[in-house]
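Asks: Before anything else, here's the structure in question.
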């Protein structure tokens, strides 16, 4: 009887270990297949705001981010826009495809341009942590006479 109990106990433990290992490797496969990782090369191409130009204190409707994903697979991430330590906009989790991705992000309700200059960083969720995206230049709004994120030679603005 003892041998039968021991055999059943070891059999149950072995089955749990095998099932648990399969579950963990399946989760890793799903994360590797769907989530953006630190090895995925993501670069910011452009950051725009609508409307543009903005009068000081005017409400921002939305942001448009152009991101380049280098590689041959899609990945999911959440995109955030930050000024200093202030989170000014956050998008829902979305799928990035290889190449250029244009993403509209609704503006946070309380953020307004005030003061002299505003510079922004774009962050993405990589494996559960926020990471700043590399860019060739800084994205700063300047007041002239109204606020604008337009740069010389910038593409046509979007309106919605």
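Asks: Antiparallel versus total DSSP beta bridges in the stretch 41-148: what percent is that, nearest 5? Before the final figure, lay out each step's value.
Replies: Numbers: 41 of 43 bridges.
The answer is about 95 percent antiparallel.
Asks: Compare the peptides 52-60, 76-84 by average per-residue count of other Cβ atoms within 10 angstrom and give them in order, highest first. Display every interim value, and only then the final one.
Replies: Details: 52-60: 14.8, 76-84: 18.1.
Highest-to-lowest ranking by the protection proxy: 76-84, 52-60.
Asks: Using only C-alpha positions, report the orientation-averaged shadow area of the convex hull of the stretch 41-148, nm², one decimal.
Replies: Working: hull surface 26.1 nm².
Averaged projected hull area, Cα only: 6.5 nm².
None of the figures in this text is laboratory data; all of them are computed from the coordinates on show. Note that this is a predicted model, so its numbers are computed, not measured. For neighbour counting, all protein chains shown are included, and Cβ atoms are generated from backbone atoms with ideal geometry for every residue, glycine included.
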